[in-house]
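Q: The structure's right below; bear with me while I get my questions together.
Please treat every number below as a calculation from the coordinates, not as lab data. Computed from a predicted model, the values in this text were never measured in an experiment. All Cβ positions, even for glycine, are placed from backbone atoms using ideal geometry, and neighbour counts span all protein chains on display.
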Amino acid sequence: QVQLAESGGGLVQPGGSLRLSCVASGFTFSSKGMKWYRQVPGKEREFVATISSHGDFVNFADSVKGRFSISRDDLQNTVYLQMNNLKPEDKAVYYCGVWGHDYWGQGTQVTVYS
């Protein structure tokens, strides 16, 4: 059974940083690309970042390029999203998922306030 557990969300002022973590289980983590999406009420879930199975390819939404980074630790079955220079428009529930599959965690709330 695939399980994904996000953590690390919280309240932060504009310009601040957060690091989200997603611990995965129930599949061979090292063989799968992983992704982060985010969603605000009333809108569709949107792509944020992805990392390939070997970590040699990453891609980001234009809105977060230069501010966010993604990484993975295959020994810990964990994917990370480092978010720097956060803006109010980054406020959302952030979800991790398995690339090419419809598996999602429960999400973690990120709120950027001034």
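Q: Take peptides 87-95, 7-15 and line them up by average Cβ neighbours within 10 Å, highest first, as a rough protection proxy. Please list the in-between numbers first.
A: Numbers: 87-95: 17.6, 7-15: 13.7.
The packing order, highest mean first, is 87-95, 7-15.
Q: Mind checking which lysines have their C-alpha under 16 Å from Lys43, skipping anything on the same chain fewer than 8 residues away?
A: Cα-Cα hits under 16 Å: Lys91.
Q: Also, I was wondering about something else. Kirkwood hydrodynamic radius of the range 20-114 from all distinct Cα pairs, in Å?
A: On the way: mean 1/r = 0.0741 Å⁻¹.
In the range 20-114 this quantity evaluates to 13.5 Å.
Q: Right, here's the next one. Treating only the Cβ of Lys, Arg, Asp and Glu as charged (+1, +1, -1, -1), what charge dipole size does the range 21-74 show about its Cα centre? Round to the nearest 20 debye.
A: Values: 8 positive and 6 negative charges, 36 e Å.
For the range 21-74, the charge dipole is close to 180 debye.
Q: Jot down the radius of gyration and Dmax of the range 1-66, Cα atoms only, both in angstrom.
A: Rg then Dmax for the range 1-66, in Å: 13.5, 38.
Q: A follow-up question, please. Starting from the Cα of Glu89, step 7 Å along the direction of its Cβ; do the same at Gln106; then give the gap between the two resulting points in nm.
A: Placing both labels 7 Å beyond Cα along the Cβ direction yields 3.1 nm.
Q: What lysines sit close enough to Lys32 to cross-link, taking a C-alpha to C-alpha distance under 26 Å and skipping anything fewer than 8 places away on the same chain?
A: Hits, sequence-local ones excluded: Lys65.
Q: So which GluC sites (Glu not before Pro) in the range 1-86 end up in coil per DSSP with only 15 or fewer other C-beta atoms within 10 Å? Please list the in-between numbers first.
A: Details: sites: Glu6, Glu44, Glu46; in loops: Glu44.
Listed in order of number, the matching sites are Glu44.
Q: OK, next. Using the Cα centre as the reference, give the magnitude of the dipole from point charges on the C-beta atoms of the chain (Lys, Arg: +1; Asp, Glu: -1; all else neutral), rounded to the nearest 20 debye.
A: 180 debye
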